[in-house]
Each structure stands twice: as structure tokens, then as C-alpha cells.
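Notes follow the structure.
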Amino acid sequence: MQEMLMLLLSLIALSAVNGQTFHFGSCPKPPVQNNFELSKYLGTWYEIEKLPACFEKGNCVQATYSLNEDATIKVLNQEVLPNGKTHSIEGTAVSRNLEEPAKLGVSFSFFQPYSPYWVLSTDYESHSLVYSCSNVLGIFYVDFAWILARTRTLPAENVTQLRDVFTSFNIDITKMTQTDQTNCPNFM
């Protein structure tokens, strides 16, 4: 039992160092977008705000979604690192449940299992709210949340309304931060 507690405390410390958000208990289960239409969701989305994510270290973060020949979704994430260099990573998304097509799974490596990518709300033309959550050892969970937009900025009142949606689903966004989208390059 003491070994399990030490492992748990180590995982929590590691999560805190990496800037992840963790919570005791199980992942919330918010509803996802009704009648989600992938074809309307494809294209480029810019990150407006997010919960901390150790795999994102830069500014000008954007994601571009397109269809692969095998009907999976190509995911291209791009950012500008603090040293000024651009970084990109390519992954694959799949629809995991045909009855809930807004619940996608995303992987950026052949060896990595698919992580949840749930589209909670989108109007396809201006905003999208995305949530991901993974339970750890049945004791706590690590989650991610993103406010995305089709443009590099959104009016403050829109961001406030979108944050309120997360809160209404019992998603803790107190550590959510704004992404710098100024002086960004045109990624190829």
C-alpha cells in the first residue's frame, strides 16, 4: 500500500512539474456535439485558450484536420517554440463510436494508444470546444481542454461564454491560459 501511495505521489509531482492538470476522482463525462459533421469540422483551427499540456510549449498553436485516403483523419499540429523555431507533429484521428461521432481518438505515434478528443461544442465556422480526459490508476485523472477558433482571436465575451460551457459540464478550467497568437508565421 505504501508503494502505491509513493507511486501516486510521484505521478502527481511529475504532472505538476510538467504543468498538467490533475484531479482526484474520475473523469467528468460531458455531453458531446449532437449531429457532429466531420466534413464541416475539417480545416484549420487556432488555439485560443487551453489547460496546460506538456506536449505544447509554444505560441501560434494551430491544428489542421484533413481526410486520409483510408477515411481516418490527418492531424497536423504546428506551433512556434520559445526559441523561435517552428515545430510540427502529425497524427491520426479516428471516430471511435459511430453513434457519437464527436468522440474521436487521436494518436501521434504508432506505439501510442488513441487519446480521447471529444468535440463538446462547435458551430464549425467560428469556435470549437474540445475536451480530453484519462483516468490514472482509478485514483485521479489528467485532463486537457481547448477553446479553438477559425481565426487567431475571438472577442473576449465569446471566450467567456465558451469558458462557461466547460464550467457547466463540471470541467475545472481555473488553470486555463490564453495562447499567444500574435506575430505568427503562415505555416506551410
Tally of residues being part of a loop (DSSP other than H, G, I, E, B), under 20 Å from Glu47 (Cβ atoms) and touching a strand residue (DSSP E or B) at 6+ places or on another chain (Cβ under 6 Å) across segment 61-109: 3
Hey, Leu76 out of contact with any Ser or Thr (no Cβ under 8 Å at 6 or more places or on another chain), surrounded by 12 or more Cβ atoms within 10 Å (Cβ to Cβ), at pLDDT 95 or above and aliphatic (A, V, I, L, M) or not: no
Lone qualifier among Tyr131, Tyr114 - being under 16 Å from the mean Cα position of the chain (by Cα), within 20 Å of Ser26 (Cβ to Cβ) and surrounded by 21 or more Cβ atoms within 10 Å (Cβ to Cβ): Tyr131
Number of the exception - Tyr65 against (1) of a type in the set (Ser, Thr, Tyr); (2) surrounded by fewer than 16 Cβ atoms within 10 Å (Cβ to Cβ); (3) touching a Gly at 6+ places or on another chain (Cβ under 7 Å): (2)
Tally of residues being surrounded by 18 or more Cβ atoms within 10 Å (Cβ to Cβ), touching a Leu at 6+ places or on another chain (Cβ under 7 Å) and over 21 Å from Tyr124 (Cα atoms) across segment 135-188: 3
Qualifying positions in segment 29-48 - hydrophobic (A, V, I, L, M, F, W, C), more than 11 Å from Leu129 (Cα to Cα) and part of a loop (DSSP other than H, G, I, E, B): Phe36, Leu42
Single condition Tyr41 does not satisfy, out of (1) touching a residue at least 40 places away in the same chain (Cβ under 8 Å); (2) closer than 21 Å to Asp164 by Cα: (2)
In segment 110-158, the residues that are farther than 21 Å from Gly43 by Cα and β-branched (Val, Ile, Thr): Val136, Ile139, Val142
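The values are calculated or read from the model by the stated rules, or taken from the named source; none is laboratory data. Just so we're clear, the structure is a prediction, and the values are computed from it rather than from any experiment. In this analysis, Cβ positions are derived from the backbone assuming ideal geometry, glycine residues included, and neighbour counts consider all displayed protein chains.
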